[in-house]
Structures are given as structure tokens and as C-alpha cells.
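Coordinate-derived values only; no laboratory data. None of these values were measured; they are calculated from a predicted model. All Cβ positions, glycine included, derive from the backbone under ideal geometry; neighbour counts span all protein chains shown.
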Amino acid sequence: MLISGVCLVLTAALAGLTGTWSPCGLSSVDTLGTSLGRESRRGRTVAAVLAFTVAAVAGGALTFGAAAAVGGAAGLGDVTWAALLAAAIALGAGIGDLRFLPIVPQIRRQVPEAVRWQLPLPVTAAFYGGLLGLGFTTYLFTYAMWALLAAALLLGSPLLGVVLGATFGLGRALPVVVLACRFTAPTTQQFIEDMERGPALIGLRRIDGAALLLCALVVAPVAIAGAATRTSVRSGAADPSVAPGLLAYQDPAGGAVLARAGLPPVTLPGTDPAVAEGGTVAWRSGDTVTVADGATLTPAATFAIPGVRELALTPDRLVYRRTEADGRQVVGAQDLSGGAAPSVLFRSRDAIGRPSVAGTTVAFAVAGRRGSRIVAVDLLTRQARTVRRAGLGTQISQAAVHGRRLAYVSTNRCGQELRFGTTARPAAQDRALLRLRPVGSRDSGFQRGYPDAYNAASKCPHRPTSRRAGVLSTVALSGTRAYVTRLPPTGTGAPALLQVHFTG
Amino acid sequence: MRDPKRSSGLERLAEDTSRRGFLARVSGVLMSAAGAQAAVGVVTADAAATYTNFCGHTYTTGNCPHPTGLPRIDRQGMPLRAKDGHRVDDLGRPVDTKGRPLTPAGRLLRDADGEPLAPAPRTQVCAAVAQRYGIRTYNDGAWYRCCGGQVRKLVDCCSPHPKRINGDAGLGGYCYKGRKVFCVQYRDTNVPC
């Protein structure tokens, strides 16, 4: 996503640069250049140049940001076909620019000439800059503007849209400013004259076209790969734990199961299994936790932990959730060597989800009637920090970490999502790997026999297309797959383990 | 005021011929004489066709966002499932008095280990609107109508904000102190009508 974003932003700068040679761009150079040449006060000159630049950047940010906001509100950002359509449009536009085809649709409008005579220079500069930055209000000399606008809409990322637009505006403004500031220099006049002859402009458009083709080639595979692609289901399985070559899960009918690459699955003598890199496996029997070698199942250590429920494992530490006598829940850690006393990492009266551990980071969801969040605790320092907090009307109930990657279950009145991101980036950049219908049944929002009107704001804008019902529960994460338990919606019947393949 | 679904041909015939119909006509005459024809206009059967989204709701203000759809609330303004009046949390799950989610059969919803699922917040519908839209809201005045054989209380979620949930200018409705109706909700009473 970062690569495609960089490609689009660079193309936006090139598109802006090409736009300099439109009637409006050249008129702006002339207006600013001749005025600046006569201007004796330096402050006014600087004001005009700044106004032109700022307005162009703001205009671009407004156009592209608005398109991206509309796309984001329509939920296009998570849709593979939308990204593929953006790539296809970029491809077509690139071919159009490479072949120097006439711009269609063309905006046959110019910045109003009269303003040049009627308003002070800084105001005129701001007005012209704003119109040039907006992009769609004056003549276009490259298909890239339309292709980039479509990309902003279809990729649905407001941040990308604003950056694209600001860069486009900057690309349109800087050549004008530079040429205007040196307008009277013979070299400048010669340069403008050379550009006006045409061949150089054809070259600029071809560069735009090549950049668009490159973006199309970058965006399409990223879109395909970035989407949660394939989902498979393992019935009668729940509470997954995953490590390289190992998958452990709970079979409600027959206890814990350990699946090893190339070997038949084995049933473990306990429940709530967890696996770690290096092939270690742990399970629980009552309040006793056994840690064993995953290949031979030979116990390496046992620990008595009153109230222990769910486990997570690293090669040298056991992490667990237990319930205290007063109902409070505790996340604790135990050194597998047994040399150190167990430590309490977190304690809460709210419900704590199953812990997950990666390196020295333990992550888990804390959910209650006052709200929910994901807490990450450092095993070494025992410092806890909130890495995700549920917004209004949303609950985060489960979390899993793998390196800095984070997967979690987020639920609101409109649906359930298995979301994916990293602890290093804000929640706004997380994406949905899987969507399910709401946990509660929703009615139509209007009473049968009465007209449905004026009611859009209270409805769910993006209903999940999945027909699958159920309640998303415990999560596990590996480098390429996310596993999530789907509980039956009625509370009876077997759970299932959904496996979502992803890249990115 | 009657539910339009109950305004069948038989019922209209009964209104024309029965003691109830006679009283209704007398009532209408008296209220007209008192200069209250406008009020009668609001509560006659003909106006029922002007209800939008749900029985009893006149005019054009949209429903308040609600966990399960139709904006049914309880006495405290908390969300209830419209079809059966069961309390629901902010996620739309039916819950018990402790906020724990329930199965359709009314049992505790449990995870694969048999532990009850975590409760979620349960927020007053009008208060949730305040948080969602960043405005102040109040459950102000109300109006009662007869819907489906029982009295329904139409409750306005009011705000000093000049606009309503539809995005255009709000109406006064039953709001106090110059506030406008931001969105609408209702509570079904147990009073037959």
C-alpha cells in the first residue's frame, strides 16, 4: 500500500507540473511575473507567491480529499474491485497520455481574466492558485488528473487523498512561482518559448503516462494481495494457537488437538492448548499446566496455577489468564525454567480475552460494560499500554499479536469484523480481513405497513455481504494467516475455526 | 388515534354505526366548536397515512440510531428490541440485567470454554446520539398515540443544535427551551387503547 501510495503521489506531482503549460498556468505565470517585475515592495511580492502556492495546495487537497472521503464513506477502501478499477483507469489513462490522445472530458474553462485587473495581486494570486489546484475547474493537459481523482475515490483513504491533492497543487504551483519570480530573465523567456512550441509538452505527457502505467502495475497486485483472499473453515474447532509448523486448537468434543506439519493430528491430554516457536506445546488439566515438547509430548515442566483458564506460550515463558476467588481476572506470566515466581501482568474486574504473546509483548482484550480496549504489556518491564480502544457502540473482545502485527475482533450494531493492523500504526489504518453479520438480529428500521423515509442516518451503511452467522471469538495470528473461532449464534452446536489467508 | 392497520373496513363501519362512532362524532363537533380543529386534524384516522417509519411518528425527522433498528426504548431511554421489547446492548445483543449477552432461547451466550461472553456497554439511545454527533441531547417532551392496541409514547431526542439527523433544519416538536428535534424514538406502554 505504501509503494502504491508513493507512486500515486509522485504521479500527482508530475501531473501538476504538466498542468503548468495549460492556458491558465501560462496566464498565471504572466500575471504574476509581470506584476512581480513591476512590484517595488518585497512584502507584497512574497504575499502573492505564498498566496498562490497555499491556495493551489489547498485546492488540490480539497478536491482529492473530498473524493477520498466519499470513497471512504462508501466503504470502497476495503473493496478489492475498487482498487482494481483504479488500476484499470490508471492503465487506460497512461495509454492515453503515452499516445498523446485528446483529453476527454476536457474542462473548457479558464481562470477569469477580469480578476487580474480588479483585485489586489495577492488576492488574484490566491484565486488563480485555488482554481488551478482544484484541478477540475480549468483546462487539463494530462489524463493523470482524472486517473488520480478516480484513484483517490476508489482507494477511499482520506489521508492519501489529501496528500495526493496537496502534491498535485504543489506541482501546479511551483513551476508557476519559479518562472514568475524569474520572469524577466532571458533564460526564463527562452524556456517558456521552448515549452510553448509543443514537443516538450508531449514529453511531459509521456512521462505522466509512464508513471500512470507504473502505478497501475503497482496498485493492482497490492489490491489483490492486500485483500483477505481465501477463507477456509475447520468445523468443530475453537481457540486456536499457532506457531511455525504447529496449530493447536480446542475440539469441544474431544479435548485439545495438536496439528503438526506433515504429521497426523494428536489429541493432547488436556484443554486450552498453546504452542510456541521451537515446537513447545502447553495444555491445561484443571489448575495444572503442562509444558511439553511438541514432537514427543514429553512433559518438560508442570505448574499449579489456581483458577487458570487460557494459555499463551513463548519458548521461555508461559502466559496465562486466571480467575481469582473474588471474580477478578488476572493475566500472569511464569518463567518456564521455574526459577522465578509467577508475575502478575494485569488485573481487572472486566472480562479479559485470551492472551496472546509475541516476543516480549503480551496482548489481550479487556471488555466490560464501560467499554473495551486492547492492552499490550511488556513482559520485561510489566508496563501496560492501550493499543486499541473501542469507539462508541463498538466492542473489542479478542486480540492476537505476531511480531508487531495485531489482529482483533471488533463488533458493533452493524456487523462483526476480524481486523488487522500493526501496533506501530493507528487504528484508522487497520483493515478488515473478515466480516460477519451483526451478532444481534436487526429489523428493517421501519415498521411494516408504514413508509420508510428520512431514515438513512439510523441504518447501517455497509451491511456485510457475508451470509455467515455466528459470533467471532478467539484469534490467533501467524505471518500469513489469521485464525478466528466462530461460535454458533444460537449458543448451541459446534464452533468452527475460520482461517483467513492474507499478505501485506 | 388508531393504528392504520386497525382501520379496516369493518372498523370504519363500526365507527359509523356504533356508540363509539357516535361519541367520536360528538367529540369532533365539540372540539371544532372550541376552535380545536387543528388538534383534531392531528389525531383523526385520516392523518394516520402521514406516519413515517413507525406508527405514531408524524413529520419527517429520522429515527435515532438504535442497536437493532427501530428506535424502541424503555422508561430510562435504554434500547429495547422492537419486536419483543427485550433489552439489548449497544451491539444489538439481547442481554440480561447484568448486561451479559443471551442466546435467542434466553440462556447465557458462552464461548467455546463455556464462559459467558463479555458484556458490552448499554447506552441510552439519545445519549449515544450525543456522543456520535458531538452535540448535547435531551429526552424532552413527548406525545402519546394509540398503536397496535396499546398506548405508545413518542419521545423526541432534542438538541440545541439547529440541524437534525436528516442533515437539514430541525423542527420544534415537543422539545423545551427552544431545542429542536434531532431524532425520534418511542416507548410502548402497557396501557391498552
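Across the range A:477-501, the residues whose backbone nitrogen lies under 20 Å from the label position 7 Å along the beta-carbon direction of B:ARG107 are A:486-496. The ellipsoid equivalent to the alpha-carbon distribution of the protein assembly as shown has semi-axes of 52, 45, 21 angstrom, derived from the gyration tensor eigenvalues as √(5λ) and listed largest first. Coupling constants for the range B:155-166 follow from the phi torsions by the Karplus curve (6.51 cos²θ - 1.76 cosθ + 1.60, θ = phi - 60°), and in residue order they are 10, 8, 9, 9, 8, x, 5, x, 9, 10, 4, 5 Hz; glycine and proline get x. Label sites at A:ILE3 and A:ALA185, each approximated as a point 7 angstrom past Cα along Cα to Cβ, lie 3.9 nm apart. With the cut-off at 1.5 for a/c, could you classify the range A:228-375 from its C-alpha gyration tensor as rounded, prolate or oblate? Oblate shape, in that a/c is at least 1.5 and b/c is the bigger or equal ratio. Distance between the C-alpha centers of the range A:341-415 and the range A:261-283? Whole Å please. For the range A:341-415 versus the range A:261-283, the Cα centre distance is 24 Å. Considering only A:GLN447, A:LEU14, A:PRO244, the residue lying farthest towards the positive end of the dipole of chain A is A:GLN447, judged by Cα position with unit charges set on Cβ. Positive end of the dipole of chain A (Cβ unit charges, origin at the Cα centre): among A:ALA469, A:ALA304, A:THR34, the Cα lying farthest that way belongs to A:ALA469.
A simple rule links phi to the HN-Hα coupling: the Karplus curve 6.51 cos²θ - 1.76 cosθ + 1.60 with θ = phi - 60°, which for the range A:279-292 gives x, 7, 9, 9, 8, 10, 10, x, 9, 10, 10, 10, 10, 9 Hz, with x for Gly and Pro.
So if R0 is 60 Å, what FRET efficiency would A:ARG347 and B:ASN190 give, r being the distance between their Cβ atoms, rounded to the nearest 0.05? Computed FRET efficiency for A:ARG347 and B:ASN190 comes out at 0.85. Taking a ≥ b ≥ c as the square roots of the eigenvalues of the Cα gyration tensor, an a/c ratio of 1.5 or more together with a/b no larger than b/c marks the range B:85-150 as oblate. Shape descriptor for the range A:356-504: Rg over Rh equals 1.02 (Cα atoms; Rh from the Kirkwood inverse mean 1/r).
With +1 on each Lys and Arg Cβ and -1 on each Asp and Glu Cβ, how big is the dipole of the range A:30-175 about its Cα centre, in debye rounded to the nearest 20?
That gives the range A:30-175 a dipole magnitude of about 460 debye.
Relative to the dominant Cα principal axis of chain A, helix A:121-134 is inclined by about 50°. Taken along the Cα-to-beta-carbon direction at a fixed 7 Å, the label points for B:MET78 and A:ALA74 span 4.1 nm.
Placing unit charges on the Cβ atoms only, positive for Lys and Arg and negative for Asp and Glu, gives the protein assembly as shown a dipole magnitude near 1540 debye about its Cα centre.
Computed from the C-alpha gyration tensor, the three semi-axes of the ellipsoid equivalent to the range A:113-194 are 28, 17, 12 Å, from longest to shortest.
Alpha carbon centre of the range A:154-174 versus the range B:114-193: separation in Å? Their Cα centres are 41 Å away from one another.
With both labels modelled 7 Å from their Cα along Cα-to-Cβ, the A:GLU196 to A:TRP117 distance reads 2.1 nm. For the range A:339-422, a simple Cβ point-charge model (Lys and Arg +1, Asp and Glu -1, everything else neutral) yields a dipole of about 220 debye relative to the Cα centre. Quick one: if the Förster radius is 30 Å, what FRET efficiency do A:ASP316 and A:ALA261 give, using the C-beta to C-beta distance and rounding to 0.05? Taking R0 as 30 Å, the efficiency between A:ASP316 and A:ALA261 is 0.85. Within the straight-line cut-off of under 25 Å between alpha carbons, the lysines reachable from B:LYS163 are A:LYS459, B:LYS153, B:LYS177, B:LYS180, sequence neighbours fewer than 8 places apart in one chain being disregarded. Think of chain A as having a plus end and a minus end, set by charges on the Cβ of Lys, Arg, Asp and Glu; of A:ALA432, A:GLY92, A:GLY491, A:GLY491 sits farthest toward the positive end of this dipole. What the Cα convex hull of the range A:385-462 gives, in volume per residue, is 102 Å³.
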